[in-house]
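Notes follow once the structure below has been shown.
The values are calculated or read from the model by the stated rules, or taken from the named source; none is laboratory data. Owing to the predicted nature of the structure, the values given are computational and were not obtained by experimental measurement. Ideal geometry is used to build each Cβ from the backbone, glycine not excepted, and the neighbour counts take in all protein chains shown. Quick note on the areas: whole protein, heavy atoms, side chains included, nothing else; ligands and nucleic acids left out. Shrake-Rupley method; radii C 1.70, N 1.55, O 1.52, S 1.80 Å.
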Amino acid sequence: MLNIPSQSFPAPSSQQRVSPSGQSGRNKVALKPGHSLMDWIRFAKSGKDLTGLRGRLIEVTQDELQKHNKREDCWTCIRGMVYNVTPYMDYHPGGEEELMKAAGIDGTDLFDQVHRWVNYESMLKECLVGRMATKVATPAKAIIPPPSPSGLAPPAAGPPPPNKDSRPRYDWFQTDATVHLVVYAKRKIPSSGCVTVDLKAGTLRLEALLGKLSYMIHLRLAGEVEENVSVHYAFSVGKIQVTMHKPSEGKWTSLGQPLEFHNTFLCKKDRGLFYRDCTLVSKTEVNHNTHVFRLQCPRGTVLHVPVGKHVYLKALIEGAEIVRPYTPVDQDLLAASRPSSHDSDVYLMIKVYPDGVFTPYLNSLQIGETISVGGPDGPFSLRPLRDVTHLYLLAAGTGLTPMARLLSLVLREMDSISTTKLLFFNKREEDILWRCQLDDLAAAEERFQVEYILSEPSDSWSGRKGRVDEATLSQLLTRPAGSRCYVCVCGPSAFTQLATGLLKKLGFSEEECHAFQG
């Protein structure tokens, strides 16, 4: 019998599903009735032989894998494990064509381009044929240096970013009652914060998300501390200070012992996700099918999600592990503020689909129940906005969520952006999220404009009608002489793909666009 390894997900080498620079994600296709995700989960649990091997696991050579490259006989390899995906063809949201791109070959890279958050091991476990006979290279773990006599680890010996001087570093100091960890990021820190701290049972895990890079501190602390922690920033100089409290007075001789990936500075896409259980503390109705879910982090966790980044929710539904990405919002559109040093509740505006898989489960959670939250993650960067004069936000439905915090930040901190315009596409008037708040903001801020476009308006609607099209964008996305424009797009896949294609047709370059994919 083969020894099938327990693989971590997502793999450290996987790519971010959210596409930068206007690149669209995968196409979704209309599935046949009875071929939803839940239908697949039930079919996979039916006891049918989905591999054709009667339960045997085999070693698969490269030559053997290549033979199975047809629609009616399709195997693919993901991270060294081979799956017979033939039974899954009609259930795949991206359609047969996308799966066939990986037929008979190693499909890891193709999978990673768009599926970072999908737990393929759970989804395809009944389709597992076996292991590739040839050894698949895996990313080398960062080398963890031994602790120095002072208890502080020297710079990690793993691959650094191009400029060694740009590496963050850390130090610590203490009083009789407190321990303070200080991280010097060596770059400005976004005002929304960038740090996630998880302190539990004497283990401290700190991750600072610095653009596309991730700096981590991971230690078994030298002494006991209370499981409450505070985080303070000096944003302009790039300083982060974490304060912990000792249960009894005394001095430590060191901060602690390094654990895996301690003092490492990696590309975020090479860093695996970390989950913690958060508690649902409230659910507020926004409209007839959308709520804001407020999730409270556990004691010892501070979670600061930078603007434009998202988190992942994970749940076990009918025996399958389902993961979904969601972008946090503030408590309301006008409540944006700098991150709290102690509290870091996560607010998620989510539309509940009655025939969906994940959102009905989330909506059924009772106050006080928990759900796993991972991240933050995502490639969005504020850097391209530094020289922008005109910012355009194209949102459809809950595609408003990444725009909400971005909008607040721009109006609060980026005076160089003279015009910010939101084009908000919905079906009907009752679908418009936070309409009153958007109207109030437009009335109070001369730099902000909002246009509502409805595809199925009532007879009484006097605003714009239609869908996203070239004529609408050409009229509303103006380029005054000497202006520098940037466009963000978020909505259902079809909307995002159409909008980004139209932007390209209208002369917007990839450097002038960012598409949030969800």
Scan the range 391-407 and give yes if some residue there is farther than 30 Å from Glu456 by Cα and either among the charged types (D, E, K, R) or not in a strand (DSSP E or B) (or both), otherwise no. no
Could you please let me know if Arg467 is in a loop (DSSP other than H, G, I, E, B), basic (Lys, Arg) and touching a residue at least 60 places away in the same chain (Cβ under 8 Å)? no
Test Pro384 against the criterion of being part of a strand (DSSP E or B), in contact (Cβ under 8 Å) with a residue 40 or more places away in the chain and under 23 Å from the mean Cα position of the chain (by Cα), and give yes or no. no
Of the conditions (1) open to solvent by 10 Å² or more (accessible area, probe 1.4 Å); (2) touching a helix residue (DSSP H, G or I) at 6+ places or on another chain (Cβ under 9 Å); (3) under 22 Å from Arg447 (Cα atoms), Arg412 satisfies every one except a single condition; which number is it? (2)
Filter the range 232-254 down to the residues that are buried (at least 18 other Cβ atoms within 10 Å of the Cβ), within 26 Å of the chain's Cα centre (by Cα) and farther than 14 Å from Trp172 by Cα and list them by number. Tyr233, Gly238
Selection from the range 435-448 of residues touching a residue at least 24 places away in the same chain (Cβ under 8 Å), open to solvent by 30 Å² or more (accessible area, probe 1.4 Å) and outside any helix (DSSP H, G or I) yields Glu445, Arg447
Looking at this structure, is Val468 under 17 Å from Val388 (Cβ atoms), of a type in the set (A, V, I, L, M) and open to solvent by less than 20 Å² (accessible area, probe 1.4 Å)? no
Please determine, by comparing only the residues of the range 249-276 that are among the small types (Gly, Ala, Ser) and modelled with pLDDT under 95, which one is nearest to His218 (Cα to Cα). Gly272
If we only count strands (runs of 3 or more DSSP E) wholly inside the range 28-119, which ones have 1 or more residues that are among the polar types (S, T, N, Q) and either touching a Gly at 6+ places or on another chain (Cβ under 8 Å) or closer than 30 Å to Thr496 by Cβ (or both)? 73-78, 81-84
What are the residue pairs meeting all of these: first residue in the range 38-57, first residue without any contact (Cβ under 8 Å) to a residue 40 or more places away in the chain and at positive phi, second residue among the polar types (S, T, N, Q) and open to solvent by less than 80 Å² (accessible area, probe 1.4 Å), Cβ atoms under 7 Å, and 6 or more apart or on different chains? Gly52/Asn84
Can you tell me which residues in the range 202-225 are in a loop (DSSP other than H, G, I, E, B) and modelled with pLDDT under 95? Gly211, Lys212
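Looking at the range 405-454 only, could you name the residues that are of a type in the set (Lys, Arg) and either more than 20 Å from Val487 (Cα to Cα) or touching an Asp or Glu at 6+ places or on another chain (Cβ under 8 Å) (or both)?
Arg405, Lys421, Lys427, Arg428, Arg435
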Subset of the range 188-201 (residues that are crowded, with 23+ Cβ neighbours inside 10 Å, in contact with a Pro (Cβ under 9 Å, 6 or more places away or on another chain) and assigned to a strand (DSSP E or B)): Val195, Thr196
Where the second residue is not β-branched (Val, Ile, Thr) and the first is loosely packed, with under 14 Cβ neighbours inside 10 Å and lies in the range 507-518, which pairs have Cβ atoms under 8 Å and are six or more apart or on separate chains? Glu511/Ser21; Glu511/Pro384
If Thr196 passes every condition in (1) within 13 Å of Gly375 (Cα to Cα); (2) touching a His at 6+ places or on another chain (Cβ under 9 Å); (3) modelled with pLDDT under 95 but one, which one does it miss? (3)
Only one of (1) in contact (Cβ under 8 Å) with a residue 60 or more places away in the chain; (2) open to solvent by 60 Å² or more (accessible area, probe 1.4 Å) fails for Leu391. Which number is that? (2)
